[in-house]
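In what follows, a single structure is set out as structure tokens and then discussed.
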Amino acid sequence: MIKVENVSMKFRMANDHITSLKEFMVKKIVGKLEYKEFIALNDVSFTIEKGDVVGIIGKNGAGKSTLLKIISGILSPSKGKLEVSGNIAPMLELGAGFDVDLTARENIYLNGAVLGYSKKYLTERYNDIVEFSELHDFMDTPIRNFSSGMTMRLAFSIATLVNPDILIVDEILSVGDSQFQKKSAKRMRELMSGGTTVLLVSHSIDQIRSMCNKVVWLEHGTVRMFGNAQEVCSEYTESSRQEYLVKEQKEHLVKENSTTYEWKEQLYTPTHIEKIDECYFIVDCWHQRVIYSSNLTEPIINWNTLSDTLGNPHSISSDGNVFLVDDAAGNEVRAFVKEGDKFIQTQILDRVGESPNKILYDAQAQRFFGISAMSQHVFVLNNSGDKVWIDKVIRLGYLQENSYIRNIRIIDGELFFVSGPGKIIVADYINSPFNIIREYKVPFELRGMNDILKIGSFFYITVYQNGAGEVAPKLIRVKDLNDLETSDFEDLREIVDLKGVPYSFSFFDGRVFLTEIDTYSRIISFLIVNDEITDIQVHFDTGSPSESSIRKRSGQ
């Protein structure tokens, strides 16, 4: 049992900016040290019974970690009483209780001793700990050489396989690959069914709902609500939604009353246009937004906004239920769902690499595939219905470091990488973990490719830069990609009267759509009949960016 009664926690923080020990001692001696009080917890009370699984939720700074440290015995409260019955296994920080200079084997005994277990008991459970952590080949390796994921595996294995009376977990279940997360969740449920009391801090409300029977909701250091997990989580979610709507309305009023928002009538580097169901979406990259409309001929000012707080988005993709947009500047992927005529952001997925640049959905694999341009990571996302999971994130050795991979495209059941390290690379994404099938070298002038599409007999390719990184736009097509190396391709710039840098292709409504970006923003479309380009239409032609657009891009 855990009984928290009128617990408060105050911290004294120095007001002075002291740069040396001498200055500190002088001010202390003369009594001129100034402090301010920070109240992390204020009059917190609740009782947890044996076997309860209690989630602790709240925004950053609400006092969640401070509360766990007090229950763990790491901190003593400034006021109030705490009663704890049973031994505690706290998992408050990855590697806490580890000595980085010792091996994993030695740290099992060290960390186990910190948790209060004998050497004999730990020896009996040693093989179970190693088996669960899956670190058989690394037990004699110093912890300092471990990745954060490996450290987490070891810490979780020690803490949970010694069957504590009380297990305290602070966000640790969100670390590691999806397979280990599932394994950890299963182990947590085994502990719960065995009577272990669990306190779990997580920003994932879905995780709290599925694992906990009670929830403590902290707000500014006080208990906003305590009780049944489903009821508290529902109230918390609704409160967060209302706060978001109020904030959005305030921002909207500020924008509407400002004369500097003429950019809303324009496009600035539209990197992608797509039709999903009966709705058209435009990714307006340098305006940091995605907009949508049911009518392609509507003026841009009349389009609705999915979000205008994105960081250089490049693409949007959907499986029909969830809509994913890359946030290249934030190194994350945003997930949205449609509610009526509006779109609500439901998730932010990070740890997908640096500068995610393209996301696509493949119905055959029933997965989303993405590429992070700067770090050359490929990521695979799985929509389980309730949540989008990161299936895997992998950096492929054949995508050379410092090569900027702008795009991926599935063509005839194979995954194409462009621009790649001076080549187009084709990989097997269904039967293997992206093993190379073949590759095509490209000449110096095509090194900075943007996108590739196959229609009829031809591959169509857009190009941003040459091998020196100079802006050198090209729109080409070729029947055999082997001919690229000798520059034996057809130049289409004059045929479509190219104005800007050709970026991405889309195909819907029986037409090929092409976006143009950078110094000139435009979206055009055309028909391809018997390999002939016909009926070229201009849908949006903003031209060179306005001062308002340039300010929007820079965040002014």
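The values are calculated or read from the model by the stated rules, or taken from the named source; none is laboratory data. The model shown is predicted, which means the values in this text are computed figures rather than measured ones. Positions of Cβ are backbone-derived with ideal geometry, glycine not excepted, and every protein chain shown enters the neighbour counts.
So, K3, is that one more than 25 Å from G194 (Cα to Cα) and either exposed (fewer than 15 other Cβ atoms within 10 Å of the Cβ) or modelled with pLDDT of 90 or more (or both) or not? So K3 fails the test. Of the residues making up segment 361-413, those that are charged (D, E, K, R) and either part of a loop (DSSP other than H, G, I, E, B) or in contact with a helix residue (DSSP H, G or I) (Cβ under 9 Å, 6 or more places away or on another chain) (or both) are D386, K387, D391, K392, E401, R406, D412. Could we say that I550 is of a type in the set (V, I, T), touching a helix residue (DSSP H, G or I) at 6+ places or on another chain (Cβ under 9 Å) and assigned to a helix (DSSP H, G or I) here? Here the answer is yes, as I550 does meet what is asked.
Within segment 500-556, the set of residues being basic (K, R) and at pLDDT below 95 comprises R551, K552, R553. Of the residues in segment 475-497, at least one is among the hydroxyl-bearing types (S, T, Y), touching a helix residue (DSSP H, G or I) at 6+ places or on another chain (Cβ under 9 Å) and closer than 20 Å to V442 by Cβ. Applying the condition of being touching a His at 6+ places or on another chain (Cβ under 9 Å) and farther than 23 Å from I291 by Cα to segment 332-372 and asking which residue is surrounded by the most Cβ atoms within 10 Å (Cβ to Cβ) yields V352.
In segment 433-444 there is at least one residue that is without any contact (Cβ under 8 Å) to a residue 40 or more places away in the chain and either in contact with a Gly (Cβ under 6 Å, 6 or more places away or on another chain) or buried (at least 19 other Cβ atoms within 10 Å of the Cβ) (or both). Screening the candidates Y261, Y280, Y268 for the property of being among the aromatic types (F, W, Y), in contact with a His (Cβ under 8 Å, 6 or more places away or on another chain) and in contact (Cβ under 8 Å) with a residue 12 or more places away in the chain yields one hit, Y268. Residues in segment 120-146 that are of a type in the set (D, E, K, R), modelled with pLDDT of 90 or more and not in a helix (DSSP H, G or I): D140 alone. For segment 82-104, residues that are surrounded by 15 or more Cβ atoms within 10 Å (Cβ to Cβ), farther than 30 Å from N42 by Cβ and either hydrophobic (A, V, I, L, M, F, W, C) or modelled with pLDDT of 85 or more (or both) total 4.
Do we have any residue at all in segment 293-310 that's closer than 26 Å to E414 by Cβ, crowded, with 19+ Cβ neighbours inside 10 Å and touching a residue at least 24 places away in the same chain (Cβ under 8 Å)? So far as segment 293-310 goes, no, none of its residues is closer than 26 Å to E414 by Cβ, crowded, with 19+ Cβ neighbours inside 10 Å and touching a residue at least 24 places away in the same chain (Cβ under 8 Å). Identify, from the list N402, N407, N431, the residue that is at pLDDT below 95, closer than 24 Å to I316 by Cβ and among the polar types (S, T, N, Q). Going through N402, N407, N431 in turn, just one is at pLDDT below 95, closer than 24 Å to I316 by Cβ and among the polar types (S, T, N, Q): N407. Contact map, segment 131-142: first residue farther than 16 Å from E106 by Cβ, second residue crowded, with 19+ Cβ neighbours inside 10 Å and among the polar types (S, T, N, Q), Cβ cut-off under 9 Å, separation 6 or more or different chains; pairs are E131/S157; F132/S157; F132/T160; E134/S157. The set of residues in segment 466-481 being part of a strand (DSSP E or B) and crowded, with 16+ Cβ neighbours inside 10 Å consists of A472, P473, K474, L475, I476, R477, V478. Filtered by the rule that a residue be small (G, A, S) and without any contact (Cβ under 8 Å) to a residue 12 or more places away in the chain, segment 388-417 gives a lone residue, G397. For segment 414-446, the tally of residues that are at negative phi, assigned to a loop (DSSP other than H, G, I, E, B) and under 24 Å from the mean Cα position of the chain (by Cα) stands at 4. Residues in segment 192-210 that are part of a helix (DSSP H, G or I), surrounded by 16 or more Cβ atoms within 10 Å (Cβ to Cβ), over 17 Å from the mean Cα position of the chain (by Cα) and at pLDDT 75 or above: I208, R209.
One line per residue, one yes/no per condition, for (1) in a loop (DSSP other than H, G, I, E, B); (2) at pLDDT below 95:
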| site | (1), (2) |
| --- | --- |
| S239 | no, yes |
| W263 | no, yes |
| G311 | yes, yes |
| S317 | no, no |
| D326 | no, no |
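Answer yes or no: is there a residue in segment 482-497 that is polar (S, T, N, Q), modelled with pLDDT of 95 or more and surrounded by 13 or more Cβ atoms within 10 Å (Cβ to Cβ). Looking through segment 482-497, none of the residues is polar (S, T, N, Q), modelled with pLDDT of 95 or more and surrounded by 13 or more Cβ atoms within 10 Å (Cβ to Cβ).
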